[in-house]
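Here the structure comes first, spelled out in structure tokens, and everything after it is commentary.
Just so it is clear, none of the values below were taken in a lab; they were calculated from the coordinates. Please read these numbers as outputs of a predicted model, since none were measured by experiment. Using ideal geometry, Cβ is built from the backbone for each residue, glycine included, and neighbour counts are taken over all protein chains shown.
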Amino acid sequence: MDRDALADFLSRSRARLTPADVALAPGARRRTPGLRREEVAQLAGLSVDYYARLEQRRGPQPSPQLLAALARALRLSEDERDHLFHLAGHEPPRRHDVLAHVRPGLLLVLDRLHDVPAQVVSDLGDVLAQNAMAAAVFGDLAASAPDRRNLLLRWFTDPASRALFPPEDHDALARAHVASLRAVHAARPGDRRAAELLARLLATGEEFTAYWERHEVAVRRSGRKRVLHPVVGELELECEVLAAGGQDQLLLVHTAPAGSECASRLELLRVVGASV
């Protein structure tokens, strides 16, 4: 671990960003350019003290998970992310590991979508990044362990995740989840993550197995989704699915017709910032 170079790289990466670059309010007048340490810590989901110690050359060695969060917060390219890992004394993730790095272009778009729920999801259903509105509607997953951010594992192991949706929609949503996994699993033979996810889901019990044995296949596509929000009530949302690169990362954007009751409820949620 090269503490001096790591501290310098973090500081310079922070200095080149503005609050607008990461969809933060400008706040009070700034004496120096760039983001404040507390803003980077907020974006990365770690304590201000821990991040400050890294820049002061006295912090402990960051874990790979923490480095990945810092790379996202600082909007690093893949080359810059790899450099960050090397400075911290870790091997960088494999370039084709979709969980390791959200594409900066997708994060840029996500940052601009401040008034509608949007999130970046892997083709295997891993929630890689959320904006504040998505966290308010679907729950804030930023601090969750990686396996708790997978939509399929949450659906088949966590009853609370289903409670967000009307019971009469559960069968269709479950079928869509499993059909999407079928498509990805077949398209990526020998893929370790796809195989591990399938094994974990098959171990959850008969429900997933029954859906899997139907052999239904469908990729994630745009559609309508109903959410039972505990604060603002039912939300009927149009979900647009935008693929990036080789379709291993998807941007899901949820909207409501202008002037509709649902649009008013979304605006109320944006103002109050309530989370489930």
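Computed values, structure above
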item: Whole-number percent relative contact order across region 18-165, with pairs defined as alpha carbons under 8 Å at least 6 apart; result: 15 percent
item: Assigned charges on the beta-carbon of Lys, Arg, Asp, Glu; region 91-183 dipole about Cα centre (debye); result: 220 debye
item: In region 12-76, the trypsin sites (Lys or Arg not before Pro) that fall in loop regions by DSSP, at most 13 other Cβ within 10 Å; result: Arg16, Arg29, Arg30, Arg31, Arg57, Arg58
item: Separation of alpha-carbon centers, region 118-194 and region 34-70, rounded to whole Å; result: 28 Å
item: Footprinting exposure proxy for Cys262, Cys239 (fewest neighbouring C-beta atoms within 10 Å first); result: Cys239, Cys262
item: Dipole moment magnitude, nearest 20 debye, the chain about Cα centre, only Lys, Arg, Asp, Glu C-beta charged; result: 800 debye
item: In degrees, nearest ten, helix 3-15 long axis to first principal axis of the chain (Cα); result: 70 degrees
item: 0 to 90° range, to nearest 10: angle between helix 78-87 axis and the chain longest Cα axis; result: 60 degrees
item: Dipole-positive endmost among Leu108, Leu84, Pro166 within region 80-193 (Cβ charges, Cα centre); result: Leu84
item: Computed helical MRE - 222 nm, the chain, DSSP H runs ≥ 4 contributing -39500 (n - 2.57), nearest 500; result: -13000 deg cm²/dmol
item: Size of the chain as Cα extents on the principal axes (Å, biggest first); result: 56, 48, 29
item: Relative contact order (percent, whole number), region 10-65, Cα cutoff 8 Å, 6+ residue spacing; result: 28 percent
item: GNM flexibility winner over the chain from Ala41, Ala88, Ala160 (Cα, springs under 10 Å); result: Ala160
item: Net charge contributed by nearby residues that have their C-beta within less than 11 Å of Val22 (K/R +1, D/E -1); result: +1
item: Karplus-derived 3J(HN,Hα), 6.51/-1.76/1.60, for each residue of region 146-162, Hz, glycine and proline x; result: x, 6, 8, 9, 8, 5, 6, 5, 5, 5, 8, 10, 10, x, 5, 5, 6
item: The chain - percent relative contact order, Cα under 8 Å, separation 6 or more; result: 16 percent
